[in-house]
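The structure appears below as structure tokens.
The numbers here are math on the coordinates, done by the rules we state, and not lab data. Because the structure is predicted, anything quoted here is derived from the model rather than measured. For neighbour counting, all protein chains shown are included, and Cβ atoms are generated from backbone atoms with ideal geometry for every residue, glycine included.
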Amino acid sequence: MKPVPLFPHPSLTHLQYGLLDVLNAKFQTALNITAAKAGGLQGAYFGAYFIGPPTYSGWIVRRFGYRWTFILGLLIYAVGSLMFWPSAVYRSFGGFCGSLFIVGSGLSTLEVSANPFIATCGPPRLSEFRLELSQSFQAIGSVMAPLLASRVFFSHTEPNDLSKVQWTYLGIAAFVTLLAVVFYFAPIPEVTDADMELQAELSASLTGYEDKPMRRQYKLFFGVAAQFCYVGAQVGVAANFINYCVESAGLTHAAASDRYAIGQGLFAVGRFAAAGAMMVVKPRYILLAFMSAIMLFISLSIGLYGETGIAMLSLVLFFESCIFPTIFTLSIRGLGRHTKRGSSWIVAAVSGGALFPSLTGLLADKKGYHKGMAVPLVGFSVAFAYPVYLNTLCRRELDGFRETKIGYADEHGVIGDAKRDERRESLGVTEKAGVRYAENLDV
């Protein structure tokens with residue numbers, strides 16, 4: 001079984017995401033704006049996801065493949081990072097929103113390329129595990145961001161000083177430009193729509209796969225809606241976590257940033273734990289269990305105050321860990337030739353993060369941050385319906401992909417490879433790949 005490269009994009013996206021949460025609280029002080037207006041930062045960043053994946057980045061990945069889409073995303077990210085310099089000089093909130101929109105455009109382009117590549121490049125039965133493991137390293141960026149922000153980027157500065165924002169993003173721009181150069185020379189295999197169609201057909205005896213037009217991919221459509229509401233709720237929690245801690249336990253913003261880092265540490269632990277569990281437990285069960293826990297702890301965080309309330313909200317972050325990659329992979333299961341287009345729609349659903357933080361901040365301005373968590377609760381409730389749907393109506397399809405051995409190697413070669421089938425025919429073996437399990441697998 002060939003190793004699958006783990007792209008560096010996961011740590012990049014959550015490093016930026018973690019910085020965005022800290023910038024939200026920083027700008028409320030430095031620019032003297034309300035929580036609702038500060039939510040415009042998330043609106044700009046995640047709004048880019050609504051535009052890019054369904055249009056230019058989705059078209060580019062289908063037309064030019066994963067490699068060039070990845071390089072383009074890095075370059076757009078670099079341009080957006082450079083725009084932070086003049087925005088900080090002129091202390092322009094609109095400038096910061098524009099910069100974050102460009103950054104979001106770059107990172108959404110990266111995700112259109114990297115997420116489906118990791119999910120599809122390898123044995124299909126391990127699709128959820130691969131993306132979960134890859135995004136476990138993303139969580140490292142989530143832990144690093146608030147720590148770097150409170151201990152390095154914004155330490156020993158006046159509350160209104162934004163100069164370190166300039167240098168931080170200048171360094172990010174240089175780093176991602178270097179990565180783009182590296183990936184220009186790196187050989188990256190391509191997975192085509194025809195490859196995905198063949199893979200789905202070879203698994204049909206186990207999954208019941210039938211080639212259907214895009215308009216009949218109902219599991220995908222529900223997945224897009226669930227992802228939109230889930231990501232919106234997740235970002236709503238993260239964007240207001242620091243101020244929630246300040247309100248709940250009277251902490252300073254620096255101490256609250258440290259608590260947020262602890263919460264993101266739990267998020268990282270949850271990702272690795274879920275990845276390990278997926279080797280032995282069906283992903284649809286894990287998704288249902290984690291979503292159920294989120295519903296419990298977000299409800300408790302609304303009514304409890306002090307350290308207990310912070311602990312409940314931190315546990316929400318722990319159980320959020322596996323939701324995005326698991327919804328992503330389960331939604332694109334069985335899409336066949338529609339896999340790239342469907343993947344771009346799932347990435348576009350990340351734009352839910354543009355709506356919920358502002359609504360959460362608006363309610364928090366009027367009723368407080370505890371009551372404000374009712375907005376994420378609504379989003380999580382919609383997302384909770386998706387694993388219920390998967391575990392009742394899509395069991396055969398999902399479990400069939402879990403059982404197939406396509407992509408593994410036996411004594412005749414890699415199961416699902418045309419050369420292997422030719423060799424089997426020459427030896428008088430007529431069984432088709434994916435119909436019967438291979439023996440003596442070399443994994």
Which shape class applies to region 176-249: rounded if a/c is under 1.5, otherwise prolate when a/b exceeds b/c and oblate if not, where a ≥ b ≥ c are the square roots of the Cα gyration tensor eigenvalues? oblate
Hey, with R₀ at 41 Å, roughly what FRET efficiency would residue 393 and residue 371 work out to, going by the Cβ-Cβ distance, to 0.05? 0.70
So, R0 is 60 Å and r is the distance between the beta-carbons of residue 308 and residue 195; what FRET efficiency does that work out to, to 0.05? 0.75
In region 330-412, the trypsin sites (Lys or Arg not before Pro) that fall in loop regions by DSSP, at most 14 other Cβ within 10 Å: none
Taking region 9-403, the lysine pairs whose C-alpha atoms sit under 26 Å apart (8 or more places apart or on different chains) add up to 14
Shape call, region 9-403: gyration tensor on alpha carbons, a/c limit 1.5: oblate
What is the order of 347, 388, fewest Cβ neighbours within 10 Å to most? 388, 347
Arrange 216, 130 by Cβ neighbour counts within 10 Å, fewest through most, would you? 216, 130
